[in-house]
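Worksheet: the structure to be examined is printed underneath.
What follows is calculated from the coordinates using simple rules that are stated; it is not laboratory data. These figures come from a predicted structure and were not determined experimentally. Virtual Cβ from ideal backbone geometry, glycine too; neighbours counted across all protein chains shown.
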Amino acid sequence: MNLISAKGLNCYYSCIASIADYFGIDYRTACGTLWSENELIYNKKHQMYAPTRFIKNLEILGVKLICLNADSCQKSADSIAAIGPAPDIVLVGTDAFHLPWSVVYQLRHRLHYFFGLKADCNRLICFDPLYQAKYVSLPYEYIAEHAFDILCVQKSNPQPLTIDVPREAEAILRQHPFLLADLMEQIQSLKDKSAEDGVMLAKYTETLRDNRLMFQEFLKTQVPFEEEASLFTHALFAKWTAVKNGLYKMAITSNHSETAPSVCELLKELIAEETSIARLLTVFAKK
């Protein structure tokens, strides 16, 4: 079992990427439309914004996710029992406090995902890409006791998925002026809003950064664009992180007048840099 833990992938998406690899599917193909995905949906269960295109693209490629009932310990146990043997996969959302291989085991509570294959004697053979844990056996009852989310992941019949790099770059050229205006307006309005609003905006920009990290991985697989992946530099990602950190700072302090201008200036630089990258990709495609 190859466990994938790459930049831009949280524990949930690392599990799904690893399962896709187990099915013989390159998860990076599903990342080809994430650069231009701005209409993100907040997932309350995961407490994060989610790139919905990633899951939709994987489903087209042949990775089917089925959400099961995890409303109680008994219902979680029934859901696990209902999942078939390999190649079907059990994907579990739980508290890392209860995972023996976790660095926060019996120390801190943290939402976390891992996956497993069913074995004999009502046990799950568990895998965790974030901690690179493999072949750890846990009983169904123990998993069900602490699970808040249970999914069955199956391999389905793949459908054609065409992702065009120039088209994605053109979408950036169309959308980026509106993205910048929207973010600037939201930042300026934070002084009149709650700390929670600032945290939500910080989480949103964090997902924008992660989407770009995932798109960069996709670009590395695309001939003749693989060398253009280097256009997404470490400095660019560092600026996205600085924007996210600045928004968190604005959420917990009342001195917006100092932080807001620097965050806005970074955003202007980011949008300008990404617009230049998009132009280069469209020009390169026409050669």
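Structure summary
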item	result
Glu226 vs. criteria touching a residue at least 12 places away in the same chain (Cβ under 8 Å) and surrounded by fewer than 13 Cβ atoms within 10 Å (Cβ to Cβ)	no
Residue within the stretch 184-202 that is under 17 Å from Leu266 (Cβ atoms) and within 18 Å of the chain's Cα centre (by Cα) present	yes
Check on His109, part of a loop (DSSP other than H, G, I, E, B), in contact with a Leu (Cβ under 8 Å, 6 or more places away or on another chain) and over 18 Å from Ile4 (Cα atoms)	no
Single residue of the stretch 257-272 satisfying the filter (crowded, with 16+ Cβ neighbours inside 10 Å and either charged (D, E, K, R) or more than 24 Å from the chain's Cα centre (by Cα) (or both)) that is nearest to Arg209 (Cα to Cα)	Cys264
The stretch 41-55 - residue that is in a helix (DSSP H, G or I) and without any contact (Cβ under 8 Å) to a residue 24 or more places away in the chain and, of those, surrounded by the most Cβ atoms within 10 Å (Cβ to Cβ)	Arg53
Filtered residue count, the stretch 102-132, keeping only those that are in contact with a Cys (Cβ under 8 Å, 6 or more places away or on another chain) and free of Cβ contacts under 8 Å to residues at least 40 places away in the same chain	1
Given (1) on the phi > 0 side of the Ramachandran plot; (2) of a type outside the set (A, V, I, L, M); (3) more than 10 Å from the chain's Cα centre (by Cα), number of the condition Tyr27 does not satisfy	(1)
Residue list for the stretch 112-135, filter: among the aromatic types (Phe, Trp, Tyr) and either surrounded by 17 or more Cβ atoms within 10 Å (Cβ to Cβ) or touching a His at 6+ places or on another chain (Cβ under 6 Å) (or both)	Tyr113, Phe114, Phe115, Phe127, Tyr131
Residue list for the stretch 154-206, restricted to those being β-branched (Val, Ile, Thr), touching a residue at least 40 places away in the same chain (Cβ under 8 Å) and closer than 20 Å to Cys31 by Cβ	Ile163, Val165, Ile172, Thr205
Any chance Ser137 is of a type in the set (S, T, N, Q), in a helix (DSSP H, G or I) and free of Cβ contacts under 8 Å to residues at least 60 places away in the same chain	no
Contacts under 7 angstrom Cβ, first residue in the stretch 1-23 being over 21 Å from Lys203 (Cα atoms), partner part of a helix (DSSP H, G or I) and of a type in the set (D, E, K, R), 6 or more apart	Asn2/Asp21; Ile4/Asp21
Test: Leu34 is crowded, with 18+ Cβ neighbours inside 10 Å and not basic (Lys, Arg)	yes
Residue in the stretch 73-82 that is among the charged types (D, E, K, R), within 21 Å of Phe218 (Cβ to Cβ) and in a helix (DSSP H, G or I) present	no
The lone exception for Cys15 - which of (1) assigned to a helix (DSSP H, G or I); (2) in contact with a helix residue (DSSP H, G or I) (Cβ under 9 Å, 6 or more places away or on another chain); (3) among the hydrophobic types (A, V, I, L, M, F, W, C) it fails	(2)
Residue selected from the stretch 82-101 under the condition of a type in the set (Gly, Ala, Ser) and within 20 Å of the chain's Cα centre (by Cα), by the criterion surrounded by the most Cβ atoms within 10 Å (Cβ to Cβ)	Ala96
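This table checks each residue for (1) in a loop (DSSP other than H, G, I, E, B); (2) touching a Gly at 6+ places or on another chain (Cβ under 7 Å).
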site: Lys64; (1), (2): no, no
site: Val103; (1), (2): yes, no
site: Gly116; (1), (2): no, no
site: Phe127; (1), (2): no, yes
site: Tyr131; (1), (2): yes, no
